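One structure below.
The values are calculated or read from the model by the stated rules, or taken from the named source; none is laboratory data. Just so you know, these numbers come straight off a predicted model, no measurement behind them. Backbone-built Cβ (ideal geometry, glycine too); neighbour counts: all protein chains shown. Ligands, DNA and RNA are excluded from the accessible area calculation, which covers all protein heavy atoms including side chains. Shrake-Rupley method; radii C 1.70, N 1.55, O 1.52, S 1.80 Å.
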Amino acid sequence: MDTPGASTDRDEGTGAQAVLAAGRWRLVAGLVVVVVLGVGGFFGWKWFRWTRSDAYQLQRIHAQAPALVDSLEGTESLDRWLAAAALANDWRASLRRAAAIKDPYHRLRALGRLTSTLDRAGLADAAQRTRELTNESARMLESSAARKTDPAQRIEGTRAVALALVDARLFEPALAVIRLAAEDVRGTPAEATLATARGQIAEEFAVLGQAEQALDLAAGIENAEVRRQTLIAVAVRLEKAGLADRAREAARRALDVAEKETDPVRRWPAISAAAIAMARVGLADDAEAAAARIEPSRFRFDAYVGMVEACAAHHSIDAATHAAEGAREAAFQFRNPEQRWGFLLHLARLLTRPGLTGPPVAPMAPGNERAQLLTIVSLKDIARDVATLAQETATQIPQEPARKLGLAGQLPVILADAGMTAEATEAALSALEAARRVSGPGARAVALATAARSLAKAGQAGRAAEAAILARDTAMGIQDEPSRDRALAGVCVMLGDAGLGLELERTIAQQIQNPEYRYRAFEAFLIPATEANRTDEAAALAELARSAGGRIENPNIRSRAFVTVTRAQLRLRLLDEALSTAGRISDPVSHSLAMLDVARALARAGRLREAREAAEACDNPEHRLAALTTVLIELTRKRRPDLAAALEAIERPEDRVPGPLIDPAPSATR
């Protein structure tokens, strides 16, 4: 029989064992949890790393591409995708897909693009194989085109075949196609259509540096107008290809054609265009002689203005100066003072335009840098003369009050740009006094803002700020809120490029109650600040514009506001902000285009995962494939830097920058 003490000891022992057992189970369970979490965390970390790797981006891109490709036959986006995929992976797969395109014209174009890409990449065997298939397809298509009864369809078929052959470097077959088509349509109305097609093909030959073929094709064009235009295009293309002598030959031929024109309505503008082309290819003396022979002042002025731009870009000091003097004299020939004012104003703005003498930040050889500075100084001297003549002419114009205010607002700006600071200040102060006398607070506010802008351009920052505040206070005195908002928005539009500083700009714009007018006010400040690379100010204005745009009720207007802000942010390299803004665009077309721009910018910045995700957000399949093509190009460039030149040639130059900041009518494709 157990004693009470023994029973207690046994109970305590059993309890201790239970506690130990429970502890062991908890320990085991804890270890299991730790192991599971560790393994899960390890694999989660591996998955996280995998989804950010280049290999994963490639996998995702190639997983989506087939469905997009099948729906986009016949588009340039597909042609570029196949070319990029040929360099990124197996060129044979791209060749098979191009050969499977149903429409023969589209198939030939894709094969031509693929051939030229492989050529640029130095893949000779692959290029030869695609070239053979291109030639075979061209012969079949040529035979099909010849059987068409409609001359326009025959010409279009011929043009498509020839362009694809040129792209594939099959020059002789391309010329043979054109010669056969010329015989086929000789003496028929379709001959004029063929002339235009020949011009396009000649230009493509020139792009590839095939001067002889380009000039021969241009010479065979019967229509003198088309022949002249083709020769000018060929001259410019050959000059870019480094074939200066052949480019000058083409420009001289264009002038010969123009001078044989007997109809004065066509003769003078033709000679003007040819003279500009000659200046662009380095024939400044010949261009000046041709321009001097132009009788009507209007077309002589146009020729000299074009020559100023061409010669200044080449840093040809004497030629640019002579052309500017010629333009000044041509403008002064107009007896009507209003016409004379308009031409002088145009010339003054040209001569003081930033970047006229070439990119200001482009690296230049020491000799070129000195030539650029001398050209700037020389043109500034003439700009002062032109501005003085414009000032004198303005006094001769019969002026109604509104017209007088308009002239008063423009004159100080051209005087300031020409370096005539004292004269600009005097004119701006006169404009300010005139603005004070304007009746009606809305019109007076805008006039005061115009005067403030003029004072800012003249370097009178303090007085400009005072005039801007006066303009704001004048508009604020309007009792009717919609009218007050419109007036304040008008003040901001006039002050847009005055550079008054963020605080003053924000102070004026934030007085506007209507979200749409407030957005327009911030947009008026944002665009000049972005284009002038005032980065901090523009970034702050972009955020203010986005905030104002988000309060606009109309979804279409709100979407267009976000498009402008997105493009500004892209130009400012604010990629995260641009991605966020683009995501708020509700219009499908605008959203798709904005995401395309953002995806391209992210890809070129090396942020390939985010670029791929932005590409997938494009609503339009063609935009999505175009964006994925850019991502694929950048992935390939990273792996194969030796293919950089071939990859660069796949995309169009306009695809490498976002669209214009203001896009009033967004299109479905770009």
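Computing FRET efficiency as 1/(1 + (r/R0)^6) for Ser580 and Thr51, where r is the C-beta to C-beta distance and R0 is 30 Å, gives about 0.90. Each other residue within a Cβ distance under 10 Å of Ile294 adds +1 if Lys or Arg and -1 if Asp or Glu, for a net charge of +2.
The charge dipole of the stretch 271-346, taken about its Cα centre with unit charges on the Cβ atoms of Lys, Arg (+1), Asp and Glu (-1) only, comes to about 260 debye. The trypsin sites (Lys or Arg not before Pro) of the stretch 411-508 that DSSP puts in a loop, and whose beta carbon has at most 14 other beta carbons within 10 Å, are Arg437. Which distance in Å, rounded to a whole number, links the C-alpha centroids of the stretch 272-287 and the stretch 505-549? Cα centres, the stretch 272-287 to the stretch 505-549: 43 Å.
So which GluC sites (Glu not before Pro) in the stretch 205-250 end up in coil per DSSP with only 11 or fewer other C-beta atoms within 10 Å? For GluC sites (Glu not before Pro) across the stretch 205-250 that sit outside H, G, I, E and B with at most 11 neighbouring Cβ atoms in 10 Å, the list is empty.
Given R0 = 22 Å, the distance between the Cβ atoms of Arg436 and Gln479 translates into a calculated FRET efficiency of 0.60. Taking the 1.4 Å solvent-accessible surface of the stretch 55-96 as the whole, the part contributed by carbon and sulfur is 51%. Leaving out ligands, DNA and RNA, and with a 1.4 Å probe, what % of the accessible surface on the stretch 213-350 is carbon or sulfur? Using a 1.4 Å probe with all protein chains present, the stretch 213-350 comes out at 46 percent carbon and sulfur.
For Ser94, the shell of other residues with beta-carbons less than 12 Å away shows a net charge of +4, using +1 for Lys and Arg and -1 for Asp and Glu. Modelled label positions at Asp256 and Thr388, each set 7 Å beyond Cα in the direction of Cβ, lie 4.4 nm from each other.
With contacts taken as Cα pairs under 8 Å at a separation of at least 6 residues, the stretch 522-591 carries a relative contact order of 29 percent.
A 1.4 Å probe run over the protein chains yields, for the stretch 520-613, 38 Å² of accessible area per residue, whole-number rounding. Averaging Cα coordinates gives a centre for the stretch 327-352 and one for the stretch 457-500; these two points are 30 Å apart. What whole-number distance in Å separates the alpha-carbon centres of the stretch 227-246 and the stretch 570-635? Using only Cα atoms to place each centre, the spacing works out to 36 Å. Each Cα pair under 8 Å and six or more residues apart adds its separation to the average, and for the stretch 466-526 the resulting relative contact order is 38 percent.
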